[in-house]
Amino acid sequence: YMGIESSRTMKQLTVLMTFMGVTAIAAVATLVLVCVQVFRVTQEVGMISGKVAVDTKTLEDEVDLLGAKIDRMAQHKCQAKFITPVKFQAKRGTCWDFATLAILEQTYRRQGFENGWLTDLEYVVFSEHAYGVAVIEYCRENEAHCPHVRTTSNSTDGGFISWIYYFQPLQDKIVPNSVCPYVEDPTNDHECDNYHSYLKVNPLKFRIGNMRTMYDIQIIKEHLRLHKNTMAWVSVLGTVTYYVPCIGSFANTSACNETKCTHCPLDLAYPTKCCVKESRPGWTLDGEFYMHREMERVGAHAMTLVAYNDNFVSKEGHRGGFVVKNSWGAWHSHTLTYFMNEMSPLNEKEICPNSRSPRNWVPGHTVLVCSDTHYCDENVLYEVTSITKGPDGTVVMCFDRRNTSAAFEVSDVFGPEQTTTNECSPPMPLDLYADFFEPISEQIEPNDEDSCGFFFFPYEVVEEINKQFGFFWVSDFDVLWDPQSFAANAAANPSLDYSQVLASTTKVFTPTYPDALPFFPPEDGDLESAHKRIYSLNESPMLVQQHSAKKVPLRGETTKGDV
C-alpha cells in the first residue's frame, strides 16, 4: 500500500515539476527577450548619443591588446625611428662590428633628439675600427669568452653582436669615428694610435639594461612596431641553384661535357639528362634576397633590422618581408623609402640607379663592355638587343656586337660605317651577366651613399632558412645613454673631451620627391636650386655640390656620349 501511494505521489510530483520547469523556461526566455530589447534600445541610444565622439575619434587613438597606440591604417608596415646611413665594411669580416655600432648610433641619435641634445637631422658617427680593437684586446685577455673566432689572433674577422651585452667592459670602449677611422686593409685591423689616450677623456657612456632575442616573424614585427628601434639581425647566407639544359648550340660547349654536367631535375622535363648546375648568391644585384630551388649555406651575416612591409613585392615575386640595413655600402641596393612603397621606381632610379645590375639594363639602350676576357672580348661594344626568358628562371641575352678601338667616341660607335654581328648568350641566371659585362662609363651612375644601402629580406626566405638551417634570429638591446655623452652637455663635464664628438657629428639627408616623376632642372639651368628642392638641403652645400656635379642635361640639350 505504501509503495502504491508512494508511486502515485511520485507521478504527481513529476507532473508538477515538469509544469514548473516549462514555466521556468518560459520565464527565462521572456527575460532574455526583454534583455535583448533593452540592449538594442541602449545600443541605439548609445550610438546616437556617442555619434559625435565616434566621428571625431582618430585611428591613432585606438589601443591594441597590448595597450600601445597604433595606426591601424598602416599595420602592414613599420620602420624604426632615426636610422643612420649605411657604411661599407669592405673585404673584412666585420659585419658584426658594423651591426653593433649601427644600433648604438641609432639609439644615441634618437635619445639625443628626444632630450633636445641633437637636432632631428644630426647624428654622431662611431668608430667600428676602434671597437674592433677593443674586442681583440678583450678576447686576448679572456680567450675562454671568445671561442671559435679569430679575435684572439689580432683579427676582427668574425664575431658576435651580443658581445656588447655580455662583455660589459666593452660598453666603455665606444669612441667617435674621428678618433680611429675605419681601415679597409685587414692587416691593420688591430691598430689605432690615439685610441687608448682618448679613452681617458671619452664622454661616450651607456649601459644595456636587457637583451631580448626573437625567432618568430610575427613577434619580431610586433616588437619593432612597439619600440621602433633598430635590432640586430643574424642569418645564414646561402646560394641558389639553377639548372641549364645542354641543348642546342649550348650542348657543344665544354660546360656540357659528360664528365662535367649533372643530371637535370625530373620536374623540369628537359629533353636531355645533362644539365649545367649554376650556383649564385642568394641575393640579387638589386638589393633583394631570394630563393630558387636548393639553397646551400655559404656563411652567416649580421645586419640591422630597420623595417618591415607586408605589401612590397620583390622582382622575384616574394610578397612581404623585412628591410635590413647592410654594411656592403650603397652599391646594388635601394633606399628604405623605396622598400616601404613610398618612392616611385622612377624617382628611385635617380637615387639608387644600380647601373651595374642586369635587371636594369634596357634593350636598345644599354651598351656593355667586357669585364672578364675569359668569356667575352675586349675592344668590343655589346649593345643589348633583347632579354628573353630561358629555362628554370634563366634568361637569354642577345647583343649587337661592334668592334672598336681602345679610344673611341661613344656618339660615333653606332654610325653607318660600323659593322655589326648579332650573338646570343647561353641561358644563364640574370645576375651572372654582371660577372662578365658592365655598362660603358657614360651609362654608369653611382648610388647615393647617404640614402642607398638597404636590402629586402622576404618572409618566405626567412622561413626557408629556418627550415633548412635553423640559423636566424633578431635581438633587441635596451640601450640607455648617459647625458654626459652629448656635446650639448659639455659645460657640465669640463674634464671630458668633446672635440672628437663634434668632429664626428654630421647630418643625414633623405631625398624627397613630391611627384612620381623625377624632377628636372628649370629652364635657366640653376642646378643648385633644383637639387636643393629635391633633397631639402638648405644646410648642406657640400651635398648639393656633389649632386650638382652630375652631368644632368637641360631640356632640349644632350650630353656627349648619349646613345
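The values are calculated or read from the model by the stated rules, or taken from the named source; none is laboratory data. Worth saying up front: this structure is predicted, and the values here are computed from it rather than measured. Every residue, glycine among them, receives a Cβ derived from its backbone with ideal geometry; neighbour counts consider all protein chains shown. In case anyone asks, the SASA skips ligands and DNA or RNA and just uses the protein heavy atoms, side chains included. Shrake-Rupley method; radii C 1.70, N 1.55, O 1.52, S 1.80 Å.
Each 10 Å bin from zero holds the following percent of Cα-Cα pairs in segment 146-301: 8, 21, 25, 19, 14, 10, 3, 0. Taking all Cα pairs closer than 8 Å and separated by 6 or more residues, the relative contact order of segment 293-377 comes to 19 percent. Note that segment 173-273 presents 52 Å² accessible area per residue, ligands and nucleic acids not counted, probe 1.4 Å. In order along segment 298-313, the Karplus-derived 3J(HN,Hα) couplings, from 6.51 cos²θ - 1.76 cosθ + 1.60 at θ = phi - 60°, round to 10, x, 10, 9, 10, 9, 10, 6, 10, 6, 9, 8, 6, 9, 6, 10 Hz, and Gly and Pro are given as x. Spatially close Lys pairs in segment 196-317, defined by Cα atoms under 28 Å apart and a spacing of eight or more places or different chains, total 6. Averaging the Cα positions of each part gives two centres, and for segment 75-153 and segment 452-503 these lie 5 Å apart. Where the centre of each part is set by its Cα atoms, how far does segment 283-301 sit from segment 380-400, in angstrom? Segment 283-301 and segment 380-400 have Cα centres separated by 23 Å. For segment 233-361, the square roots a ≥ b ≥ c of the C-alpha gyration tensor eigenvalues yield an a/c of 1.5 or more together with a/b exceeding b/c, which makes the shape prolate. Taking the inverse of the mean 1/r over every pair of distinct Cα atoms in segment 207-296 gives a Kirkwood hydrodynamic radius of 16.9 Å. Which of rounded, prolate or oblate describes segment 111-210 when judged by the alpha-carbon gyration tensor and an a/c cut-off of 1.5? Prolate, since a/c reaches 1.5 and a/b exceeds b/c.
For segment 140-258, with all protein chains in place and a probe radius of 1.4 Å, 47% of the accessible heavy-atom surface sits on carbon or sulfur. Scaling against 2.2 N^0.38 Å puts the C-alpha radius of gyration of segment 90-137 at 1.33. Mind giving me the FRET efficiency for residue 482 and residue 219? R0 is 35 Å, r the Cβ-Cβ distance, nearest 0.05 is fine. According to the calculation, E is roughly 0.70.
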